[in-house]
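The values are calculated or read from the model by the stated rules, or taken from the named source; none is laboratory data. Note that the structure is a prediction, hence the values are computed from the model and not measured. Cβ placement follows ideal geometry from the backbone for every residue including glycine, while neighbour counts extend to all protein chains displayed.
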Amino acid sequence: MTENKNYRTLVLLLLTLVYAFNFIDRQIIGILSPFIKEDLGLTNTQLGLLKGFMFALFYTIIGLPVAWLADRYNRVRIVAISLAVWSGFTALTGLANNFWQIGLARMGVGIGEAGGSPPSHSIISDLYPKEERAGALSIYALGVPFGIMFAYLAAGQIVTAYGWRMTFVLLGLPGVVLALLLPFIIREPKRGAQEAIGDETIEQVSFRTALNTLLRIPSWWAMCLGIAFASFIGYALATWQIDYLRAFDPDYKFTTIVNWLGVINGTTYVAGTFLGGYIADKFAKKSVSAYGWVSAIAVLVGLPFVLAAFWAPTINLHLIFIAVFLLCLGMYLGPSFAVAQTLAPINMRAMSTALFFLILNLIALGGGPTAVGILADVFLAQHGETHAYRLAITVVCFSLVLSAISFLLAAKFLPKDWEDAKKRNEDLARPQS
């Protein structure tokens, strides 16, 4: 059975909105970082831990057990509960008075966000056939740039009027309201609906079996490392860019900076995310290797632009280079998510996304912001604040080379793995005699 196209579009848009709330709550600490640092007297290393490691640690620990539940129980309810948890802890961040209190709140946000994407990816994959899956997941991935865009635009207005604490509260509470509405709008879809024949129940497997199966698929691993290394600089940029620009030119109006960054994320990053899925799906009709090489080309083209941005002599030129970089950065999201879902057996799709995000976030979210914070403190004494940030971000930019290598390896293994996955899922969905 396939769902009505209007209904599945509604579900996709709602889940994309949930994902946008995910990135609003994730991004906001990077935008408010200079205000938090000044108010609480934190070091760059402490801020790096708050932006990266302390969030990512609990995000990754909770992700796998939540995904195990999502492969067995109602995914819509899991998404709703998770949204309520991370939004509530975002609001509570505004009440924190020291490093450890903010750290505990960030851990709570990480615990909640662990239950967002795995069940959402699984739901979308049961609504869209594999030929349309990269496109659908690219739409879902638009939650990243739209969430970041809204966080910039909203924070710029709220923080100047009410301060950083109230900004957390006002951006967290709407997510709780949306969480209450979701179960009344979205129905739990049939698992494996796009591959299944008849109404048979898909057999469930143990956590160990799921883990062993996924880790033995070479292109799954390669795409996972590709998105992780690309996101390493993506998260570093998202969480430290404001700090760099404020140090570079303290007289440049804060609201002007965040408004421009909001517009850039809402245009070029959105365009890149959409185009990545569209282009990859188009070329994949001839060879599924396209999911790998389209992503590899995108990150390699983006590398010189992100480097140029942090060595540009003016903020305006920095923003122009960043706009081009974000166009490239968005292009790997849809193809990577599509591969993670299509290569996974029907009964392991939430687990596939959770494991994907575990590796991604340990490397990227846990490592990128934390590495910049530590490196900035190392460079600070000798080079001053602005150049310390510049050098730190320059160092982490070269993770894009590792990303491109990983995506090219994925392109090599994808044709065989894709065919194996097709046969495996057809066997799972076929009625047993």
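If you go through the stretch 180-215 and keep only what is loosely packed, with under 13 Cβ neighbours inside 10 Å and modelled with pLDDT under 70, you end up with 197, 198, 199, 201, 203, 206.
Of all residue pairs spaced 6 or more apart or on separate chains, those with beta-carbon atoms under 9 Å, a first member in the stretch 173-191 that is over 16 Å from residue 13 (Cα atoms) and a second member that is of a type in the set (Ser, Thr, Tyr) and not in a loop (DSSP other than H, G, I, E, B) are 173/87; 173/90; 174/87; 176/87; 177/87; 191/122.
Conditions tested, residue by residue: (1) modelled with pLDDT of 90 or more; (2) not hydrophobic (A, V, I, L, M, F, W, C).
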{"position": "301", "(1), (2)": "yes, no"}
{"position": "309", "(1), (2)": "yes, no"}
{"position": "313", "(1), (2)": "yes, yes"}
{"position": "322", "(1), (2)": "yes, no"}
{"position": "325", "(1), (2)": "yes, no"}
{"position": "344", "(1), (2)": "no, no"}
{"position": "348", "(1), (2)": "no, no"}
{"position": "351", "(1), (2)": "no, no"}
{"position": "357", "(1), (2)": "no, no"}
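Report yes if some residue within the stretch 282-292 is out of contact with any strand residue (DSSP E or B) (no Cβ under 9 Å at 6 or more places or on another chain), of a type outside the set (Ser, Thr, Tyr), closer than 25 Å to residue 24 by Cβ and not in a loop (DSSP other than H, G, I, E, B); otherwise report no. There is no residue in the stretch 282-292 that is out of contact with any strand residue (DSSP E or B) (no Cβ under 9 Å at 6 or more places or on another chain), of a type outside the set (Ser, Thr, Tyr), closer than 25 Å to residue 24 by Cβ and not in a loop (DSSP other than H, G, I, E, B).
The single residue among 9, 16 that is out of contact with any Phe, Trp or Tyr (no Cβ under 8 Å at 6 or more places or on another chain) and either polar (S, T, N, Q) or not in a helix (DSSP H, G or I) (or both) turns out to be 9. Flag: residue 158 does not match the condition of being modelled with pLDDT of 90 or more, closer than 30 Å to residue 129 by Cβ, among the β-branched types (Val, Ile, Thr) and part of a helix (DSSP H, G or I).
The condition of being in contact (Cβ under 8 Å) with a residue 60 or more places away in the chain, touching an Asp or Glu at 6+ places or on another chain (Cβ under 9 Å) and of a type in the set (Val, Ile, Thr) holds for only one of 288, 299, 263, 270, that being 288. Considering only residues in the stretch 302-314 that are in contact with a helix residue (DSSP H, G or I) (Cβ under 6 Å, 6 or more places away or on another chain) and in contact (Cβ under 8 Å) with a residue 60 or more places away in the chain, the one that is surrounded by the most Cβ atoms within 10 Å (Cβ to Cβ) turns out to be 302.
Check whether at least one residue in the stretch 130-143 is buried (at least 21 other Cβ atoms within 10 Å of the Cβ), among the charged types (D, E, K, R) and either in a loop (DSSP other than H, G, I, E, B) or modelled with pLDDT under 85 (or both), and report yes or no. Yes: one or more hits. Residue-level analysis places residue 234 outside the set of residues that are modelled with pLDDT of 90 or more, farther than 18 Å from residue 389 by Cα and assigned to a helix (DSSP H, G or I). Is it fair to say residue 334 is over 30 Å from residue 189 (Cβ atoms) and either modelled with pLDDT under 90 or not in a helix (DSSP H, G or I) (or both)? Against the criterion (over 30 Å from residue 189 (Cβ atoms) and either modelled with pLDDT under 90 or not in a helix (DSSP H, G or I) (or both)), residue 334 does not qualify. Checked against (1) within 22 Å of residue 39 (Cα to Cα); (2) crowded, with 20+ Cβ neighbours inside 10 Å, residue 92 passes all but condition (2). Taking each residue of the stretch 373-402 that is within 21 Å of residue 330 (Cα to Cα) and without any contact (Cβ under 8 Å) to a residue 12 or more places away in the chain and looking for partners that are crowded, with 18+ Cβ neighbours inside 10 Å and hydroxyl-bearing (Ser, Thr, Tyr) with beta-carbon atoms closer than 7 Å, six or more apart or interchain, yields nothing.
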